[in-house]
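Structure first, commentary second.
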Ligand SMILES: O=P(O)(O)OC[C@H]1O[C@](O)(CO)[C@@H](O)[C@@H]1O
C-alpha cells in the first residue's frame with residue numbers, strides 16, 4: 001500500500017468519540033473487505049448476545065449467573081429494582097464512607113484520622129485498584145495506598161515493615177469476591193497478627209469488600225469490623241473495577257468515582273451501536289480477530305506512552321487472558337483459544353524488547369495507547385520548538401512506522417488526557433471488546449475452570465504437607481523420601497514430597513535433610 005492509500009485507509013477506519021475525545025485506529029492491522037464481509041454476521045450475532053447479556057440473560061452457563069458489570073455504571077439498565085437499588089446504594093455508601101474517613105468522622109481508636117490503607121486481595125481484587133491508583137491518585141492523596149496482592153511472606157513483611165510506625169492509623173481493606181481465596185485470607189491474617197502484636201484492635205481498622213454471606217463477610221460481621229461493601233454475584237472478579245472493589249480504594253484516594261463511572265457509561269453507549277465501523281469495541285474486536293486469525297495466533301503487546309498507565313497491560317492480562325483463554329468453546333469443542341497480553345510502557349520498552357518485535361519472531365500485534373496532553377502546565381523547550389512530550393510522540397510514531405515497514409501490525413488508542421473519565425472509558429472499552437470478541441470466537445468469557453484446577457491441586461499439596469509433618473513427628477529415625485511418601489499415603493508422589501520437604505527444610509529449624517543434594521533419592525529426612 002502506498003502512502004496515499006494508507007492515509008485513505010487511516011481515514012476510512014478512524015473512530016472518534018466526540019464526548020470522550022477518544023480515537024481508535026485499526027488501520028495498521030492488515031485486513032481486507034472480504035474478511036469484514038465474512039465477519040458481519042458474526043458481529044450481528046455478537047451485538048445480539050451483548051444485548052441479551054445486558055438484559056439479564058444467563059451469560060455464564062457453567063455457574064448459572066447473570067453478568068452485570070455494565071449495570072454498575074447504568075443502574076437503570078439492571079434487570080430488576082433490587083439490583084438497581086443495590087448499585088445506587090453502594091455508590092452512595094462508598095462516597096459517604098470516603099468523606100467520613102477524610103474528615104475524621106470515622107477514625108482509628110487513638111488518632112484523629114487514618115493516614116494509610118493496606119488493600120489485601122489478588123487477581124481482579126487487586127489489578128484494577130492498582131492500575132487506577134497509579135493512573136489517577138493525586139500526589140497529595142488523602143491516604144497512601146499499599147497493596148498486599150500475593151502470598152509471599154517476604155512481600156507481606158516489606159509492606160508491614162514500611163508501615164510499622166503508622167499501623168495505628170492504617171485502614172485495612174480486605175477484598176475478595178468469594179471471601180475464600182487463600183491469598184487474601186492469609187494476607188488478612190498476617191496483617192491482623194501485626195496489629196494484635198502492636199496492641200491494636202484490628203476490627204477497628206478493618207473493612208471487607210466481599211460477596212454476601214461469604215466466609216469473609218461472616219468474619220467481618222462476627223468480629224465487628226468497621227463496615228462491609230458488597231460484591232455482587234453478577235460481577236466477575238476481572239470486571240469488578242467499577243464495583244465496590246475498585247471504587248472504595250479509588251474514592252479513599254480522592255479519585256472522582258462518579259467521573260470514572262460516567263466515562264465508562266459513555267463508552268458503554270458508544271459500544272452498544274450495532275454497526276462495526278461506528279463501534280470502537282467492535283473495531284478492536286475486528287482487529288484482534290484479523291491479527292490472530294480468530295485463533296489468538298498473535299500476542300497483544302500493549303504499550304501506553306504514559307507512565308501513569310503502565311499497569312494497564314497487567315490489568316488487561318487478566319481481563320483478556322482469563323476471559324478468552326479457554327480449552328473449549330460453548331459447544332464443547334476443543335479450541336484452545338486465547339490471546340496472550342504483555343507490555344509495560346513506551347518509550348521505555350523500546351530500549352528493552354522492541355528490537356525483537358521489529359526484527360525477530362513476528363508473533364504479535366501492538367497496541368499503542370497515546371495520550372495527547374503531555375503534562376499540566378508548560379513544557380521546557382529542549383531544543384527550539386521541541387519538548388519532552390514531542391519526543392515521546394516522536395518515539396511512538398517512529399516505532400509504529402518501523403514496525404509497519406516490517407509487516408508488524410498495530411492498533412492505536414488515543415486519549416485526550418488521563419482523567420477519571422477517560423480511564424473509566426478505557427476500562428469499559430476493553431471490557432466490551434472482550435465481550436464482543438468472546439462472541440466472535442464462541443467461548444464463555446465468564447468462567448475460569450483452568451484456575452480452579454490449580455487451586456484444587458494446591459490445596460491437595462497442602463493436605464499432603466500436613467500428612468508429611470505428621471509422619472515426621474511420629475518418626476524417631478531418619479527416613480528416605482520414598483518411605484516418607486509411602487507413610488504419608490502418597491507412594492506415587494515422591495517428587496512432590498521431596499519438594500515439600502526441601503521447602504520445609506529451609507524454614508523449619510530441626511528439620512534436617514542429609515545426603516547428596518544433587519541426588520534426591522539419597523536424602524534422609526529427620527525432624528527433631
Ligand atoms: O476476589 P476473589 O474471590 O478473592 O478472587 C480473586 C481472583 O481469583 C480468580 O477467581 C481466579 O484467579 C479471579 O477470577 C479473581 O479475580
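The values are calculated or read from the model by the stated rules, or taken from the named source; none is laboratory data. Please read these numbers as outputs of a predicted model, since none were measured by experiment. Quick reminder, even Gly has a Cβ in these numbers, built from the backbone with ideal geometry, and neighbours come from all protein chains shown.
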Among 497, 443, 479, 501, the single one that is more than 18 Å from residue 515 (Cα to Cα) and either surrounded by 15 or more Cβ atoms within 10 Å (Cβ to Cβ) or at pLDDT below 95 (or both) is 443
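Are there helices (runs of 4 or more DSSP H) fully within the range 358-476 with at least 2 residues that are under 24 Å from residue 274 (Cα atoms)? List them.
Values: elements: 388-405, 420-441, 449-473.
Those helices (runs of 4 or more DSSP H) span 420-441.
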Reported set for the range 283-320 where residues are buried (at least 21 other Cβ atoms within 10 Å of the Cβ), under 18 Å from the mean Cα position of the chain (by Cα) and closer than 25 Å to residue 407 by Cα is 300, 301, 302, 303, 304, 313, 316, 320
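So that you can scan it fast, the table gives a plain yes or no per residue for (1) surrounded by fewer than 17 Cβ atoms within 10 Å (Cβ to Cβ); (2) at pLDDT 95 or above; (3) within 16 Å of the ligand (Cβ to nearest atom); (4) at negative phi:
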position	(1), (2), (3), (4)
137	no, yes, no, yes
164	yes, yes, no, yes
191	no, yes, yes, yes
202	no, yes, no, yes
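Condition first: part of a loop (DSSP other than H, G, I, E, B) and either touching a residue at least 40 places away in the same chain (Cβ under 8 Å) or closer than 18 Å to residue 70 by Cα (or both). Now tell me which residues in the range 272-287 satisfy that. Walk me through how you get there before you give the answer.
Within the range 272-287, the first condition is being part of a loop (DSSP other than H, G, I, E, B), and the residues that meet it are 272-275, 279.
Listed by number, the residues that qualify are 272, 273, 274, 279.
Return yes or no: is residue 133 within 24 Å of the chain's Cα centre (by Cα) and within 16 Å of the ligand (Cβ to nearest atom)?
On the way: within 24 Å of the chain's Cα centre (by Cα): yes; within 16 Å of the ligand (Cβ to nearest atom): no.
No; evaluated as a whole, the condition is false for this residue.
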When restricted to 177, 89, 113, the only residue modelled with pLDDT of 95 or more, within 16 Å of the ligand (Cβ to nearest atom) and farther than 27 Å from residue 307 by Cβ is 177
(1) more than 16 Å from the ligand (Cβ to nearest atom); (2) under 26 Å from the mean Cα position of the chain (by Cα) all hold for residue 446 apart from (1)
Of the residues in the range 254-271, those that are surrounded by fewer than 24 Cβ atoms within 10 Å (Cβ to Cβ) and under 26 Å from residue 9 (Cβ atoms) come to 270
